[in-house]
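What follows is a short report on a single structure.
Derivation of every value follows stated rules applied to the coordinates shown; laboratory data play no part. Here the structure is a predicted model, which is why all the values come from computation and not from measurement. Because the Cβ atoms are built from the backbone with ideal geometry, glycine has one as well, and the counts that use them run over all protein chains shown.
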Amino acid sequence: MKILLAIALALSPIPAVPEPITVHRGIQYATAARQQPPQLVDNLTPGTAKVCPQFRDTISEEYPDDKPVYLDEDCLQLNVWAPRTGKHPVMVFFHGGAARFGTANEPRYDGTNLARNGTVVVTVNYRLGLLGAGNNFLRDQMAALEWVQRHIESFGGDPRNVTAVGESEGAFSISAMLATDNPQRLFRRVILQSGSGYMVHAAAPPPMDLTGKTTLEILQLQERLVGGNPLAGAVYFRPYIDGTLVKRPVIDAITAGNARGIDILIGTNRDEAKYFAQFDPAVLQLTLDQYRAFFPRELNLEQIARPYRNEPNVALAMLTDQTMRVPATRMAEAQLRWGRAYVYQFDWGPAVHTAELPFVFGTMSFTGIPGGQQAYDANPRAAKELSTQMQRAWTSFARTGNPGWAQYWPRLTKIWDTPSRIAIAPKDAQRAAWDAYDFAALRIASS
């Protein structure tokens, strides 16, 4: 019996030992005077992690404490999760939140699991709302990437193998960086989750002098400017084409080879627009007439709506495709001439905006994802396996430029679900309905 037991033990798979990691929070990477570009700081010392100025979003964000409002403008910090040994690829994450909410310090953005997959993970604070206007929040993010280039080797990271990862507003921003001069100096790869260059606006926001105003007064003014429409509020603050930093529409820059050699992994969620129903339930009854405010004026709404006639809500399905899915496929197509490009679609559970985040980070935290916790509770084992698969894909892409499936040709798309699968040209009639539109930049009045 002892011999049989010894043989059985010898043949049993050895459980994987998690990579030991170190965590460094609250490292200041830059300073910035109000309404001025950031100044890089050569600093590696952790400090007290801060949240950039904002009113607490009680619905869709996860804060590290219970404060109702955050007022500290000296908040340009980042956090680092690093394996203790070796030299590793780097993933730098920029959070979403409509450029008004969110922080690098949210528990759901904990980098532990990704770091245990053999990457150095960095999460970044940047200025929000009016305090980040004039593309200064984009400059903050680029300064953080410059800090990574200078200092990440001290944490075991490879500055020659950096992947910028962004979700929603973070993805809009990274897209805008692809239209700046020499983006290759900042990163080798990008992962764009629910955001593309289309959401980089064509017009500059109205200039506003904040001199003499308290931080609280600025936040109050900001909320009056945005108003109560959750869809409009999601895109009010944004990167824009300013002619100096972001010189042209992102899709034009990519088509011309400005992102030559940069690998792109880009994707969207099946029902992105339903996310906004948690702020206003009327969103679920969005009509085509109400949708006209967001629809490109030069296109025929009724004509493009025809392939969507079997969708539960035609307007919401069109809004998701217009703002997220179709421009993402355009970016991938444009980049295929100059670098590798991969496309995914997240279909698990409610599959609303942000629903992929718990799986990418492995935190299984469903804050701001209506129906997410219920879907997880129905089959947690399958959800955890999906999370493991996605983390492996994201870190594989960061390491090698290959997430584990073929590039976007002929419109090959990874569908993340339980189980996951590969699809060729999913819902292609709906995608093709937009062929006449250039998706160069978002043209929605901000006032």
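Of the helices (runs of 4 or more DSSP H) entirely within region 230-313, those holding at least 3 residues that are farther than 27 Å from Gly132 by Cα occupy 288-291, 301-305. The set of residues in region 108-138 that are aromatic (Phe, Trp, Tyr) and either outside any loop (DSSP other than H, G, I, E, B) or out of contact with any helix residue (DSSP H, G or I) (no Cβ under 7 Å at 6 or more places or on another chain) (or both) comprises Tyr109, Phe137. Selection of region 139-193 for residues being within 19 Å of Tyr342 (Cα to Cα), β-branched (Val, Ile, Thr) and outside any helix (DSSP H, G or I) yields Val162, Thr163, Val165, Val190, Ile191. The set of residues in region 397-416 being outside any loop (DSSP other than H, G, I, E, B) and within 11 Å of Thr163 (Cβ to Cβ) consists of Phe397, Ala398, Arg399, Thr400. Taking region 153-188 as the search range and keeping residues that are surrounded by 24 or more Cβ atoms within 10 Å (Cβ to Cβ) and in contact with an Asp or Glu (Cβ under 9 Å, 6 or more places away or on another chain), which one is farthest from Tyr236 (Cα to Cα)? If we take residues in region 153-188 being surrounded by 24 or more Cβ atoms within 10 Å (Cβ to Cβ) and in contact with an Asp or Glu (Cβ under 9 Å, 6 or more places away or on another chain), then Thr163 is farthest from Tyr236 (Cα to Cα).
Out of everything in region 61-80 that is in a loop (DSSP other than H, G, I, E, B) and touching a Cys at 6+ places or on another chain (Cβ under 9 Å), what residue ends up being surrounded by the fewest Cβ atoms within 10 Å (Cβ to Cβ)?
Restricting attention to region 61-80, the residues satisfying the condition of being in a loop (DSSP other than H, G, I, E, B) are 61-68, 71-76.
Imposing the further condition that a residue be touching a Cys at 6+ places or on another chain (Cβ under 9 Å) reduces the set to 72-73, 75-76.
On the way: Asp72: 11, Glu73: 16, Cys75: 25, Leu76: 26.
Checking each candidate, the answer is Asp72.
Considering each of Tyr376, Tyr408, Tyr437 in turn, give the residue that is touching a residue at least 12 places away in the same chain (Cβ under 8 Å), hydroxyl-bearing (Ser, Thr, Tyr), out of contact with any helix residue (DSSP H, G or I) (no Cβ under 7 Å at 6 or more places or on another chain) and surrounded by 16 or more Cβ atoms within 10 Å (Cβ to Cβ). Step through it out loud before you land on a result.
Details: Tyr376 fails: out of contact with any helix residue (DSSP H, G or I) (no Cβ under 7 Å at 6 or more places or on another chain); Tyr408 fails: out of contact with any helix residue (DSSP H, G or I) (no Cβ under 7 Å at 6 or more places or on another chain).
The conditions single out Tyr437.
The listed residues are Thr48, Thr103, Thr58, Thr85, and the only one of them that is in contact with a strand residue (DSSP E or B) (Cβ under 7 Å, 6 or more places away or on another chain) and assigned to a loop (DSSP other than H, G, I, E, B) turns out to be Thr48. Is it true that Gly157 is over 30 Å from Arg84 (Cα atoms) and in contact with a strand residue (DSSP E or B) (Cβ under 9 Å, 6 or more places away or on another chain)? So Gly157 does not fit the description; no.
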